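Below you'll find the structure, written out as structure tokens, and then a few comments.
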Amino acid sequence: MSGLPERGDVIDGFRIEERIHAGGMGVIYRVSGPETGFPMIMKIPRLGPGEPGEAVVTFEVERMVLGALTGPHVPRFVAAGDLARIPYLVMERVEGRPLADWVGKGPVPPAEVARLGLAVANALHSLHLQNVVHLDVKPSNVILRESGEAVLIDFGIAHHGHFPDLLAEEFRRPMGSAPYLSPEQVLGARDDARSDLFALGAVLYELCTGRMPFGSPTSPAGLRVRLHRDPVPPRALVPGLPEWLQEVILRCLEPDAADRYATAAQVAFDLGHPDQVTVTSQGRRTRRLGVGKRMVRWLRAIGYGPDSVSSTSLQLAAAPIVLVAVATAHTNEARNEALRATVRRLVIAGEPTRLACITVIRPAPELVGADRHEAATSQRIKQLVQLRHWAEPLKLPPQQISYHVMESGDPAGALLEYARANHVDHVVIGSPPRDVTLGGLLGTVSTKVSAEAPCTVTVVRVRG
Amino acid sequence: MRWALLADIHANLEALQACLEQAGREGADGYAFVGDLIGYGADPGAVIDIVEEHARHGAVVVRGNHDAAALENSAETMNPAAARAVLWTRKQLNQRQVAFLDSLPLTARREGILFVHASAASPGQWTYVTDPARAAESIAMSKGATWIFSGHVHEPALYFASGSGRPVPFKPMAGVTIPVEKRRRWLAIIGSAGQPRDGRTEACWALFDDVKQTLAFHRVPYDWAQAAAKVRAAGLPERLAHRLEHGE
């Protein structure tokens, strides 16, 4: 095929409609044809003399990676044309608003930033679970469906942990978008899922403040500044910004990947539970780091080399979220200790594991209005006190543990919903004591949870 | 065609049978044995018989250094354990089996594919392809093959090269189907079926689909306890039994 197709041309059964985008690497058309049940686009790379050499490799990478991905957070893959004959990629046209729509109109309200960030973090976690690192997360590569779910697009420079990395040796200079590029990408690393968390931090920063944390440098030296210089704290630019949100953003933007969140699921967790974020001086400060701390960062940056990462799935497996369901209402010390003993083996202080302690209480139906509200609040506080009391012997640092009191007539359903929404990797739940009348009811909860949970479930039983 | 690729079986009957069984389940309809059918293990005759049967039905078989050594009944360049195994092996083979080994070529070609036990740069010199530089030599001397399938080195590896640069090494993960399109050139070290050395005991084999242009490296558990017991019973060096038990 010479040149680009015209409207009305038919390629392998796909009819070319209007051109919707023309970029450096390729051109995108809307296409119609085989009934898939969703709208489609066709991407055609710019090949041939005078066109960028990367175009063909990024095309191959996108075809390989997209073809291997599934789920609601990526465009559905339809077909690919042979590179030797007619190179093209047909995929779902994702309907929704690009995240770029929120950018450039001044600071976005914090609650909205948290909602958007949570959606992107959920999408990234789904990607990372499939062993793929996106490496080009930026507002124009995220589309928000009407449902609120985020979809990541453009996998041209992505890395799939199980496939040969066609881009690894081919192009020595860092690929990606300067404002969002992680320090390790600047140094050429392409296999760390936490690079995407850095980019997410840069996006959140931009949404909150209307500014890029590190500007848009074009020179290698300009790009390397982020290895040691911290960005202006968002709260210095937007005084009303909540401390917890700055805490999350700056933790994503840590120059050393090991200092960031361990997984996108953990970012999502904090964005979804602002009241559970432990705010440190990082979240409070309104000035950049002092000379002393800057010096430390600078010295660390000199010796900085990207971590060697085993694989994205192993990285994720090393940083699980554990949910423990604590039945505060009817329990005894033996059962409490048995539950803690199990949790102790799973959640170790100082490791990137996180523990969510949850208790589910039934709504109080006999009261209405303000009274009911008051009763519920006091009930909630009592439960929180008990949860903390239960967890105290674990001696976990506050960043690693959170407490949640949920109100529901269907405890198993509430726990399951929580586990799904928060990417929980392991549920620990007690089995009911046999001699308690409530046993039957509790038994139903642990049975239902272990049958339906999306993850591993440990049911803890006390002997005797 | 869906090629089942096996290398370095080394007279390990249990490993060979396990690989062939899995290859059958995965829908293989072509077979290639890229050298070192024998040496080290206790079942040289039985292994040759199975491979010969496949060859009669069109399988590709090329010669490895252990096959050559058994033919020449000499093992001057080998380590003592391997040398003892070579001399022992030769005594187990009947005339027909020796004749089959003698009929094996150093290389074989099919459309776009080169099968060679060690480096294509010098097939009879048995050069180990252990790094990108060696892979580059082998690819350069393959006379334009798109896919080169080799053994000799016992750990699975995949090298890919595009036009200019040095081939890039990749450590494949078992069970993953990798696109290996003909725009690039690919050199795959299948990994040893009969004497894995990467710390795992499972036998290595690979499945190459020449229509879809995909390659999947596989590992299959087999009865290595039995294979090791036979090595000991045959009076072969203890080290050869130990290797099977530990994949080293």
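Data overview
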| quantity | calculated |
| --- | --- |
| Tally of residues being surrounded by fewer than 20 Cβ atoms within 10 Å (Cβ to Cβ), over 14 Å from A:Gly148 (Cα atoms) and away from every other protein chain (no Cβ under 14 Å) across segment A:63-77 | 3 |
| Residues that are farther than 16 Å from B:Val153 by Cα, in a helix (DSSP H, G or I), polar (S, T, N, Q) and free of Cβ contacts under 8 Å to residues at least 24 places away in the same chain, drawn from segment B:74-126 | B:Gln95 |
| Residue in segment B:151-158 that is farther than 22 Å from B:Gly24 by Cβ, open to solvent by 50 Å² or more (accessible area, probe 1.4 Å), assigned to a loop (DSSP other than H, G, I, E, B) and away from chain A (no Cβ under 11 Å) present | yes |
| Selection count, segment A:166-207, where residues are open to solvent by 20 Å² or more (accessible area, probe 1.4 Å), over 19 Å from the mean Cα position of the chain (by Cα) and within 14 Å of another protein chain (Cβ to nearest Cβ) | 6 |
| Counted residues, segment B:124-150 - those being more than 12 Å from chain A (Cβ to nearest Cβ) and open to solvent by 30 Å² or more (accessible area, probe 1.4 Å) | 15 |
| Matching residues in segment B:174-233 - criterion: being open to solvent by 60 Å² or more (accessible area, probe 1.4 Å), among the polar types (S, T, N, Q) and more than 14 Å from every other protein chain (Cβ to nearest Cβ) | B:Gln226 |
| Matching option when the condition is within 25 Å of A:Gly104 (Cα to Cα), in the same structural domain as A:Ala121 (by TED's automatic domain parsing) and touching a residue at least 12 places away in the same chain (Cβ under 8 Å), among A:Gly188, A:Gly215 | A:Gly215 |
| Any hit, segment A:84-100, residues being open to solvent by 30 Å² or more (accessible area, probe 1.4 Å), more than 12 Å from chain B (Cβ to nearest Cβ), part of a strand (DSSP E or B) and hydrophobic (A, V, I, L, M, F, W, C) | no |
| Scope segment A:12-62; condition among the hydrophobic types (A, V, I, L, M, F, W, C) and within 14 Å of chain B (Cβ to nearest Cβ); matching residues | A:Leu47, A:Ala55, A:Val56, A:Val57, A:Phe59, A:Val61 |
| Search result, residues across segment B:56-92 that are open to solvent by less than 30 Å² (accessible area, probe 1.4 Å) and under 17 Å from B:His117 (Cα atoms) | B:Ala59, B:Val60, B:Val61, B:Val62, B:Gly64, B:Asn65, B:His66, B:Asp67, B:Ala68, B:Ala69, B:Ala70 |
| Pairs where the first residue, in segment B:39-64, is within 18 Å of B:Glu21 (Cβ to Cβ) and the second is open to solvent by 40 Å² or more (accessible area, probe 1.4 Å), C-beta under 7 Å, 6+ apart | B:Asp43/B:Lys230; B:His54/B:Tyr31; B:Ala59/B:Tyr31 |
| Any chance A:Pro255 is farther than 30 Å from B:Tyr159 by Cα, open to solvent by less than 50 Å² (accessible area, probe 1.4 Å) and at pLDDT 95 or above | no |
| The one condition in (1) within 30 Å of B:Gly39 (Cα to Cα); (2) surrounded by fewer than 18 Cβ atoms within 10 Å (Cβ to Cβ); (3) of a type in the set (D, E, K, R) that B:Arg166 fails to fulfil | (1) |
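The values are calculated or read from the model by the stated rules, or taken from the named source; none is laboratory data. Everything numeric here is computed off the predicted structure, so don't read it as measured data. For neighbour counting, all protein chains shown are included, and Cβ atoms are generated from backbone atoms with ideal geometry for every residue, glycine included. Side chains are part of the model used for accessible areas, which takes the heavy atoms of the whole protein and leaves out ligands, DNA and RNA. Shrake-Rupley method; radii C 1.70, N 1.55, O 1.52, S 1.80 Å.
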